[in-house]
Every structure is written in structure tokens, then in C-alpha cells.
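One structure below.
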Amino acid sequence: MRLTKLVTRTSKMVPSEEESKNAQLLIRAGYVHKEMSGVYSYLPLGKIVLDNIANIVREEINKTGAFEVQMSSLQSRELWEKTGRWDDKLVDNWFKTKLANGQELGLGLTHEEPVINSLLPFVSSYKDLPFAVYQVQTKFRNEIRAKSGLMRSRELLMKDQYSFSKSEDDHKKYYEEMADVYLKIYSRFGVGDITYRTYADGGIFSEFSDEFQTLSEVGEDTIYVDEEKRIAINKEVYKDDVLKKLGLDKSKLVERKAVEVGNIFSLGTKYTKELGLDYIDENGKKQDIVMGCYGIGVSRMMGLLAEHFSDEKGLSWPKEVAPAIVYLINIGNDSEVVKAADEAYDELTAKGIKVIYDDRDLRPGEKFADADLLGIPYRVVVSEKNLAEKKYELKARNEDSLHILSMQELLKYIA
């Protein structure tokens, strides 16, 4: 992680065609490269951030006992016609293509049908239930206008999860457990205090679905927040009868803009019935399987965090998602300074601390500016000034004060 070896570079230029702050900053910092409108490639540091976000999701979902799978992105027309969701009149954001033989295919935008289809040979008895599977996979959405950077893109990384239960009661129990897990995930991202479980339209499946909305001035959704109860309601279902049903006092609700960063909803037995996934109960009778769906936009989360954790200098990643914890700088080309910086790099990494080492031959101001733009939590400077006392200058990204510390003090401070 020496910058002299890193293929990407930072830029002072703001991409003129980008409207969103998240995309502007991520491109300038060399985290992503824009391929076309709504489509981004993740460069080395951006890939680390994306993986860190995905792995936080994995860690919390794995604790629930769900199994990770990897489904195909290519989708057959015939499977989706069984549930009626191939029709563009019902699902208008498909990307569709054809094989050389003329067979029509779709690029996966969600995976209810394929997941059920893959499980048909394995689920038949009450002993096989309940269970849940999930994946972290690229999805494709034919958005009319992708204008919000990573927060509304045509190619996105998503965690989609599907639960299968013997009864509606079993499903509801698991559903509520997942709602709690989602709130824990957003807390780990550093936005738990501004993310609300939000009642939204349940469509044909249930009275309500649950969105998880993070407050943001760039949000496309309008929600009404009960800050005391820490729940919210989406504008689409903001009606007096709904408020009464949910036990919400209209006078206590505050209108806010927000970004949807996840959703969970009940699917009932619609898809399992239509695709023939059922089970034989303890009495030998055939029963329908109740299904639930749980999504988190991983790449969207990266965009939202870039929007939220940033200032006029650049990004300011939370520790759990940052590509490194320390941005190490050597000032000057004096051989003793370079040696001390090299040793500091080795000692920090030996302690398991991820370090980006700015060993470039640049002026201090340029290195400091890149440290701020990249948003690494701590900047550590090795200079001739502090070398005699074997001390290092430490500055937290979101603080103005400087600390002159020994290596042991520095390690303790970071910990």
C-alpha cells in the first residue's frame, strides 16, 4: 500500500458531468472510474471500501444462520413468464438481450424466481424448513435517468436475501429478527442514529413493507419521522387512517428527506405457489411455503457514506469501511526520515493496522491534501523535527488538533 506503487491517482478536477457529490469525490479520490452514466468501475481503494461494506453485511447476516449463495446473472425468459414478471408493462427496468441462437435473456434485477427454481430439488419436507439464503451480487436496473452517482446506478452491488418459513407466524418472527439485524448493520456503518425503520406500501403482498431510510438532504424520498419512537412513515402511505393504525401522532412527526438504503418485505406464498415449491407437514399434508425478501444496496451504501462523511476537503470514512486506518507520510527525502517511515510502516502493519504509505516525492501540502481527500481516519507524519525523540505527529481526519506521540502511544490512541 505504498502510493508510489499504486496505479491510481487523485485529481483536483471536479468531473463536470457529475451532479452528485458522492460520485465527484469518489472519482477525484481515485476510488471509482465512471464508464458511462450510472455505471462505475471500482479501482483498488474503492474495491476495498466496497468489500468492507459487503463484509459487514455478511458478518451480521451470517449470525442469523442464513447461507450465502451465488446465483446466475443471466435469466431465462421462460422462468420469469411463470410469475408474469417478464412483461415490461409490469417490470419496466429489465435489461434484456439475446443469445446467438435468438433465445431472449434478461440480466438479473432481483432473484426470487431463480432462488426458488434452484431449491425445487431439495425442499419437500417440514424438516427442511425454515431456512434463508442470501447473495452479494451485481444487479442490473434499466434506470431512465441515473443522476445520483452510486446511489442510483444501472449496475449495482446488492445483498438480496430470501427466507422460507412453514407458517405466517414463523415468517413474522424471522422478519422482526431481520429488522433488528438491519438496524445493527447501519449502526456499524456509522449512520445508525439517522437511519429509521420506515413503513411503506406493501404492494400486493402485505399491508406494509419496511424501508430503511437514512436522513440526507440529497435523498429522493420524503419521510415523516417520530424521533422519540425512532420509526418513520413514507410519504406514499402518509394518511390519517394509516397513522392511526400505526399508533403515530401526526403532531410529533417531522418531515425529512432521506435515502432508502435497504428494505424488507413479505412475499407470502405467491412465488412459491406459482413455481411449485411446497412441503409435506408432520401429518402428511401438502402446505405452502411463506417467503420473505430482504435487500441492502451495498454500492448504494458506499455512495451514501461518501455523501454523509465528507466535507470541503474530501471524504472522511468511518473506521469500519475505510480502505486503511492510517495515512502515513514521510516529509523530506533525508535517509533517516525515510528509514524511520519505513520502520513505522512495518510496525503498524505488523500490529494488524491497515496503512496507506505516501512515500511519493511531493511537497507536504500535497500529501496532506490527498490524506484529507482520501478520507483515511488518521494521518501520521514522520519528519526530521520529531525524529530525535522517536515521536510521530498524529492527526485524526475529523479533528484539528495535532498529537506528538511515541509509537506505543500512537498505537494506543488508534486502538
- Message: For the condition hydroxyl-bearing (Ser, Thr, Tyr), outside the structural domain of THR195 (by TED's automatic domain parsing) and in contact (Cβ under 8 Å) with a residue 12 or more places away in the chain, what is the one hit in SER335, SER316?
- Response: SER316
- Item | Contacts under 8 angstrom Cβ, first residue in the stretch 86-99 being touching a residue at least 12 places away in the same chain (Cβ under 8 Å), partner part of a strand (DSSP E or B), 6 or more apart | TRP86/GLY106; TRP94/GLY106; TRP94/LEU107; PHE95/GLY106; PHE95/LEU107; PHE95/PHE140
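Filter the strands (runs of 3 or more DSSP E) completely within the stretch 198-316 down to those with at least 1 residues that are touching a Cys at 6+ places or on another chain (Cβ under 8 Å). Break it down stepwise before answering.
On the way: elements: 208-215, 221-226, 231-234, 254-268, 278-280, 286-288, 290-297.
Correct list: 254-268.
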- Working carefully through the options SER16, SER41, SER11, find the one that is part of a strand (DSSP E or B) and small (Gly, Ala, Ser). SER41
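When the residues of the stretch 396-406 are filtered to those that are part of a loop (DSSP other than H, G, I, E, B) and among the small types (Gly, Ala, Ser), which remaining residue is surrounded by the most Cβ atoms within 10 Å (Cβ to Cβ)? I'd like the intermediate steps shown before the answer.
Pass one, the stretch 396-406, residues part of a loop (DSSP other than H, G, I, E, B): 397-402, 406.
Next cut, among the small types (Gly, Ala, Ser) only: 401, 406.
Working: SER401: 7, SER406: 13.
Looking at the filtered set, the residue picked out is SER406.
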- If the Cβ limit is 8 Å and pairs must be 6+ apart or interchain, which residue in the stretch 160-171 that is farther than 30 Å from SER299 by Cα and surrounded by fewer than 20 Cβ atoms within 10 Å (Cβ to Cβ) pairs with which residue that is β-branched (Val, Ile, Thr) and modelled with pLDDT of 95 or more? LYS166/ILE289; LYS166/VAL290; SER167/VAL290; GLU168/VAL290; ASP170/VAL290
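Every residue, every condition in (1) surrounded by 13 or more Cβ atoms within 10 Å (Cβ to Cβ); (2) hydrophobic (A, V, I, L, M, F, W, C); (3) at positive phi; (4) out of contact with any Pro (no Cβ under 9 Å at 6 or more places or on another chain), yes or no:
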| position | (1), (2), (3), (4) |
| --- | --- |
| ARG9 | no, no, no, yes |
| PRO15 | yes, no, no, yes |
| ILE27 | yes, yes, no, no |
| GLY46 | yes, no, no, no |
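For every residue, the table says whether it meets (1) surrounded by fewer than 23 Cβ atoms within 10 Å (Cβ to Cβ); (2) part of a helix (DSSP H, G or I).
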site	(1), (2)
LYS319	yes, no
TYR327	no, no
VAL338	yes, yes
GLY352	yes, no
LEU394	yes, no
GLN408	yes, yes
- Cβ pairs under 7 Å, 6+ apart, first in the stretch 243-256 and charged (D, E, K, R), second assigned to a strand (DSSP E or B): LYS252/ASP226; GLU255/THR222; GLU255/TYR224; ARG256/LEU215; ARG256/ILE223; ARG256/VAL225
- Message: Residue under question is LYS147, and the condition is that it be surrounded by fewer than 17 Cβ atoms within 10 Å (Cβ to Cβ), among the basic types (Lys, Arg) and free of Cβ contacts under 8 Å to residues at least 40 places away in the same chain; does it hold?
- Response: no
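The values are calculated or read from the model by the stated rules, or taken from the named source; none is laboratory data. Note that the structure is a prediction, hence the values are computed from the model and not measured. All Cβ positions, even for glycine, are placed from backbone atoms using ideal geometry, and neighbour counts span all protein chains on display.
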